[in-house]
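Written below as structure tokens is the structure these notes are about.
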Amino acid sequence: MKIIPRARNSFLLSLVVMSVCSLGLAAEVEVLQKDKDFSVKKIKVKVGDTVKFTNTDPFSHNVYSLSEVKSFDLGTYPKGVSKTVTFDKAGTVEVECAVHPNMKMTIEVEK
């Protein structure tokens, strides 16, 4: 059995505690796609949070954002499928659907 020096042991313990704490702070918020619309027009999340986009319509959607804060394209996906985006920077993110141009929402990402 190898003995780890006390300073290194404390450092490793600190890393584990920080990792567990940061995991506990992040949240997941679900936004539904229903009746060719998002279930909410505006939400607030914190940096590190994840938004889960769930399609409940009987047809496909393609959720995307061209915002500088967070640019993403989830691709086209059918009813019953969810896709997630984690937000790593504060600011405003405008979200749309490439299939249904009237589907728009805003995500405010706070520190």
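Can you tell me which residues in the stretch 95-111 are surrounded by 13 or more Cβ atoms within 10 Å (Cβ to Cβ) and either closer than 16 Å to SER39 by Cα or under 13 Å from the mean Cα position of the chain (by Cα) (or both)?
Step one: list which residues in the stretch 95-111 are surrounded by 13 or more Cβ atoms within 10 Å (Cβ to Cβ), which gives 95-100, 103-109.
Correct list: VAL95, GLU96, CYS97, HIS100, MET103, LYS104, MET105, THR106, ILE107, GLU108, VAL109.
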Problem set entry | Any chance GLU110 is within 13 Å of LYS46 (Cα to Cα), out of contact with any Ser or Thr (no Cβ under 9 Å at 6 or more places or on another chain) and not aromatic (Phe, Trp, Tyr) | yes
For this session: State yes or no: is PHE72 without any contact (Cβ under 8 Å) to a residue 24 or more places away in the chain and closer than 15 Å to ASP49 by Cβ?
Result: yes
Seminar exercise, completed: When the stretch 56-72 is checked residue by residue, the ones that are surrounded by 13 or more Cβ atoms within 10 Å (Cβ to Cβ), under 15 Å from the mean Cα position of the chain (by Cα) and not in a loop (DSSP other than H, G, I, E, B) are VAL63, TYR64, SER65, PHE72
Seminar exercise, completed: Restricting attention to the stretch 76-93, the residues that are in a strand (DSSP E or B) and either farther than 18 Å from GLU28 by Cα or without any contact (Cβ under 8 Å) to a residue 24 or more places away in the chain (or both) number exactly 2
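Bear in mind that the values in this text are calculations on the coordinates, not laboratory data. Here the structure is a predicted model, which is why all the values come from computation and not from measurement. Backbone-built Cβ (ideal geometry, glycine too); neighbour counts: all protein chains shown.
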